[in-house]
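Take a look at the structure set out below.
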Amino acid sequence: MILYVNHTRRDAAAATANEVVATVLSLLEEGHLEPSQFARLRIDLDWVQYKQNFREAVMVTRESSEGAGRASVMELHIDSRQVAAGSLRESLQCAFSSLNPENQCEPARTYLEEFRSFRSSIAWDFNRLYWHRLKDWEQASGKSYEAALPGGKSEAHDPGAIADSVADFWTLLKDLEGQSQLPPELFILEIGVGMGTRAGLWLDRFRALDQKRGTNFYPRVRFLLGDYSQATLDRSRPALREHLDLCSFIVLDALDPIKTLSFLRHKILHIHLTNVYDNLPDEELVRRDGRIYWLQVRAYLSAADAARISSECGVANQELPKIINRLLEIGPECLADRALGVTFWQEVWKAVRLEERLVDADSLPSSSYPEGLDASNLENMLRDAPSDLRFHLSTGALESFRNTLPLLHPRGYLQVQDIFVTNLGDYRMGFHGPGKLDGSIVNWVNGVLLREVAERFGYDLHFAPFHYRPGSRASVLYTTRRE
Amino acid sequence: MNLPILPTTVVGSYSMPGWLERLKTEYFARRISRHDLDEVHDAVTKAAIKDEEAAGLDIITDGELRRDNMIDYFVEKLPGVQIDRSSKKFYYDFYDSEVVGKLPAASLGLVEDFRFLKSFTEREAKVCVTGPHSLVKRIRNKHYPSEAAFAADIARVMNLELKELVKVGARYIQIDEPYYSGFPEDLDWGVEVLNTLVDGVEAKTAVHICYGNRYGKPSWEGSYRYLFPRILKAKVKQLTLEFARRGGEDLDLFREFAPPFELGVGVIDVKTQAVETPDVVAERIRKALEVMPAEKLFILPDCGCFHLPRAVAFAKLRAMVEGTRQVRKELGS
């Protein structure tokens, strides 16, 4: 057995690690675990920082089928944060008994889908519903989504960050003007606009700087605000009331901005996104003993949660999967009482967990890789990475990134403020998602992979720590043209 | 061979397959030999030649698939240029290179490339070379008093090679100078150097000037107005320019300045994978015909097809040929 301690929380790491080793050894001695299973067992001890997440305290992840001529992978993931005092032995015993289908220790779960890649899991339908019906969620919870963010407000609005961003852009314009290459219209795009606060503050600041320096760039600015929700765009207008003549509000899919904005190919001088990539569909890969595995998931409700929700919302237990599908199709109107429908939505979301299994990448078609990524990108990225690794593919971020770059003017640049993993070793030093953030999903973004892919598109990527707020875990990705 | 009116050709490069990119990179990682890579290059060059023929082009190239990029193929061959061979991680990266002494005259190997091309096609064949102005932008100059002097010496060495090409039958030679668009202030000496390069070269010489195609995207934006009137001093027979992606507004410059050159008009946007229809191509040609007689027009993509997937590149060339045929028919040809 190998135990990986992936966090160093003083209040949990040592105690849980000791208890895990002692408990597994005693379960082995008592015959709850076969010696052959013990020999290939890998235990990961995590600290899941998201209070709401998709994990049980103890979760088993196995290979979907026995590998030819080799022992299949078997992993236990333990969330130190969730393990209740005195419960570990029972949880581990239950996990080991689940290896035998005829010897289940917990009542049957209510499954909401078959095993699949996380990027196509029903979890993302919940995420989409949240953004489309944000108002319903906020009314029921009594707080705005920004108030639900860690720290209670968005880092996108930081005045220091905005001032620097404006100064960088003004410098670019001045430089282009000096070379007689300043375009007549100065296009800027912000994707994922929130309440429009950042865009409003940015334009206020830019106008002030432009006036102070007498450059007269401001009237030539064309500021595009893109979001996939018309409701969100409408909510952002008041914050931009002083600049409406320069603004366009455009419904677009963050995964494919070029589709909507193809008429601006090679025209946009500055593109900005804050906390968009961490909320785009994602999936994970695992490297174990030199082999690559895809991680597949299956969403479920525990028997206890299913019974509770069923009783509280007046939905028959066996009807739950059907009503949940209806919720994801039409929203809280899935129940006759709309307010109860919102409660149902919030309770189901809180309760949804994901089972995991590993599928040997060699058994899947190469088309499983997201567009823009191929085996050679992956090979390059993993060349210097730790041999045993579980990491995000950041599928949605990658797709968005490659479908945004063609919009950039030859001298234009992209800035993305988000939570990035910039060193693959960090994946072994903490949990990087998925977690639940209010009604949405949050995932760290694999910056190493983005950097590898960007090079093939002619850009170098750089990551600067977001130093404007002490303790922030965000970084700012920015592109420079690769010669 | 008699060419039809509105002859069709390519700017130079054909689609670079992903598997060849990986093999080239493997070579730099010392995982395959030069001999094996040369054999792969021969095979893929034959395939490119046959694709260009099958697309129906009147003048074809070897597809330039032996080249890692438009600079390094020449940097490697220019005698006296020192290269840091460890400076490439990916095959498409530029070498870190410098010149530390006067360039001696030597063969650049283009004659062998041309012979190879001619041995596999009966069609008219074109050789494309990167021009001195572009080359000096990527080679650190540690010897010559100025970029202009360095470029002039490159032109002197390459001029000998172009004359050798003519001796073995090359009739179409294209000089690629995209960096003019990034450094318009260099144009006066750039044209002088260009004239040194083509001096005494008895072939149809063209200069191709675009806005860059590095990684399949433009390196600069602007208007071709910067070329005029200084480009009129160039002693080439043809200007080859991009108009498909940028729109045809700059065609008016040909009305305004009535240059003596033929025009190679770009009618295929190589920076998008969307395939033009023959009708769109025909419309672009008709627009060019408003400022230039058909006898002085050549039909090309905006730039090389290097970054396009093979199926897309082939479909675009087919559309270009078909659209050209439509216009020829309208002209009674």
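Bear in mind these aren't lab numbers, they're just calculated from the coordinates by the rules spelled out. Computed from a predicted structure; not experimentally measured. So basically every Cβ, Gly included, is an ideal-geometry build from the backbone, and we count neighbours across all protein chains shown.
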Of A:GLN346, A:VAL359, A:PRO370, farthest towards positive along the dipole that unit charges on Lys, Arg, Asp, Glu beta carbons give region A:324-389: A:GLN346
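With a Förster radius of 41 Å, plug the Cβ-Cβ distance of B:ARG30 and A:LYS259 into 1/(1 + (r/R0)^6) and report the FRET value to the nearest 0.05. Kindly include the intermediate steps, with their values, before the conclusion.
Values: r = 42 Å, r/R0 = 1.02.
The pair B:ARG30/A:LYS259 has a calculated efficiency of 0.45.
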Three principal axis lengths of region B:275-333 [C-alpha, angstrom, descending]: 34, 18, 15
Computed label-point distance, nm, for sites A:GLN211 and B:LYS137 using a 7 Å Cα→Cβ extension: 4.0
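Considering only DSSP states other than H, G, I, E and B, which GluC sites (Glu not before Pro) in region B:109-138 qualify as loop sites with at most 13 other Cβ atoms within 10 Å? Write out the running numbers ahead of the final one.
Values: sites: B:GLU112, B:GLU122, B:GLU124; in loops: B:GLU122.
Of the GluC sites (Glu not before Pro), the ones in loops of region B:109-138 whose Cβ has at most 13 other Cβ atoms within 10 Å are B:GLU122.
Which of the three applies to region B:25-83, rounded, prolate or oblate, going by the alpha-carbon gyration tensor with a ≥ b ≥ c and a/c under 1.5 meaning rounded?
On the way: a/c = 3.24, a/b = 1.55, b/c = 2.08.
Here region B:25-83 falls in the oblate category.
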Projected-area average for region B:180-333 over all orientations - Cα convex hull basis, square nanometres: 9.1
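Say R0 is 41 Å: what FRET efficiency, to the nearest 0.05, do A:GLU379 and A:ALA39 get from their beta-carbon distance?
Values: r = 30 Å, r/R0 = 0.72.
Once the sixth-power term is evaluated, E becomes 0.85.
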Region A:89-217: C-alpha gyration tensor shape, a/c 1.5 cut-off, then a/b vs b/c: prolate
Region A:149-206 - Debye-derived log10 I(q)/I(0), Cα point model, q = 0.16, 0.24 Å⁻¹: -0.59, -1.03
Residues of region B:1-25 with amide N under 19 Å of the 7 Å Cα→Cβ point at B:LYS329: B:4-8
Full-stretch length increase - A:GLN318, A:ALA147 - with 0.36 nm per residue and alpha-carbon distance subtracted: 58.0 nm
Alpha-carbon centroid distance for the pair region B:182-240 / region B:246-271, whole angstrom: 13
DSSP bridge pairs, region A:205-316: antiparallel proportion in percent, nearest 5: 45
Rounded to whole Hz, the Karplus (6.51, -1.76, 1.60) HN-Hα couplings of region A:380-386, x for glycine and proline: 4, 5, 8, 3, 9, 8, x
The protein assembly as shown: equivalent-ellipsoid semi-axes (sqrt of 5 x gyration tensor eigenvalues, Cα, Å): 57, 32, 25
Angle between chain A longest axis and helix A:88-97 axis [Cα atoms, degrees, rounded to 10]: 80
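Just to verify a number: FRET efficiency for B:GLU185 and B:GLU112, C-beta to C-beta distance, R0 = 30 Å, to 0.05?
Numbers: r = 37 Å, r/R0 = 1.23.
Approximately 0.25, to the nearest 0.05.
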Cα convex hull of chain B - mean projected area over all directions, nm²: 15.3
Cβ-based net charge around A:ASN6, under 10 Å, with every Lys or Arg adding one and every Asp or Glu removing one: 0
Footprinting exposure proxy for A:HIS77, A:HIS7 (fewest neighbouring C-beta atoms within 10 Å first): A:HIS7, A:HIS77
For chain A: lysine pairs under 13 Å (alpha-carbon distance), excluding those fewer than 8 apart on one chain: 5
Test item: Cα-centred dipole of chain B, Lys/Arg +1 and Asp/Glu -1 on Cβ, debye: 300
Cysteines having no other Cys beta carbon under 4.7 Å from their own, within chain A: A:CYS247, A:CYS313, A:CYS334
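Run through region A:88-128 and list the GluC sites (Glu not before Pro) located in a DSSP loop whose Cβ has at most 15 other Cβ atoms within 10 Å. Please list the in-between numbers first.
On the way: sites: A:GLU90, A:GLU102, A:GLU113, A:GLU114; in loops: A:GLU102, A:GLU113, A:GLU114.
Those satisfying the criteria are A:GLU102, A:GLU114.
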Placed amide H near A:GLN415: partners under 5 Å, 5+ positions off or other chain: A:ILE271, A:HIS272, A:LEU273
Cα→Cβ-extended label distance, 7 Å offset, between A:ALA231 and A:SER97, nm: 4.4
Amide proton proximity set for A:ILE43, modelled H, under 5 Å, gap of 5+: A:ILE2, A:LEU3, A:TYR4, A:LEU76
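Can you bin region B:1-156 into rounded, prolate or oblate? Criterion: square roots of the alpha carbon gyration tensor eigenvalues sorted a ≥ b ≥ c, rounded for a/c under 1.5, prolate for a/b above b/c, oblate for the rest. Display every interim value, and only then the final one.
Values: a/c = 2.31, a/b = 1.34, b/c = 1.72.
The shape class here is oblate.
Express the relative contact order of chain A as a whole percentage, based on alpha carbon pairs under 8 Å and six or more residues apart in sequence.
Over chain A, the number comes to 19 percent.
State the extension gain, in nm to one decimal, for the chain segment bounded by B:GLU290 and B:GLN82, taking 0.36 nm per residue of separation less the distance between their alpha-carbons. Before the final figure, lay out the partial values.
Values: separation 208, 0.36 × 208 = 74.88 nm, distance 4.82 nm.
Contour length minus Cα-Cα distance gives 70.1 nm.
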Under 13 Å, Cβ to Cβ, from A:GLN296 - net charge with Lys/Arg +1 and Asp/Glu -1: -3
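Tell me the relative contact order for region B:162-227 as a rounded percent, counting alpha carbon contacts under 8 Å between residues six or more apart.
Numbers: 68 pairs, mean separation 28.6, N = 66.
Relative CO of region B:162-227 lands at 43 percent.
What is the Rg over Rh value, at two decimals, for region A:334-411, using alpha-carbon atoms and the Kirkwood definition of Rh?
Working: Rg = 19.8 Å, Rh = 17.0 Å.
With Rg and the Kirkwood Rh in hand, the quotient comes to 1.16.
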Karplus-derived HN-Hα couplings along region A:397-408 (A = 6.51, B = -1.76, C = 1.60, θ = phi - 60°), whole Hz, x at Gly and Pro: 4, 4, 5, 4, 4, 6, 8, 9, 3, x, 7, 6
Only Lys, Arg (+1) and Asp, Glu (-1) charged, at Cβ; the protein assembly as shown dipole about Cα centre in debye: 1360
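How far, in nm, would the chain grow between B:THR121 and B:VAL166 when pulled straight, counting 0.36 nm per residue and subtracting the alpha carbon separation? Mind dumping the intermediate values first?
Working: separation 45, 0.36 × 45 = 16.20 nm, distance 1.73 nm.
In short, 14.5 nm is gained.
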Qualifying trypsin sites (Lys or Arg not before Pro) in region B:1-87, DSSP loop, other Cβ atoms within 10 Å at most 16: B:ARG30, B:ARG31, B:LYS77
Selection from A:SER262, A:LEU450, A:ASN279, by position along the positive dipole direction of the protein assembly as shown (Cβ): A:SER262
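What is the fewest-to-most order of B:THR8, A:THR232, B:THR272 by other Cβ atoms lying within 10 Å of their Cβ? Write down the numbers at each step before the final one.
On the way: B:THR8 26, A:THR232 21, B:THR272 18.
Lowest count first: B:THR272, A:THR232, B:THR8.
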Distance from region A:175-254 to region B:160-176 (C-alpha centre basis), Å: 52
Built amide H within the under 5 Å cut-off of B:GLU262, gap 5+: B:GLN238, B:LEU239
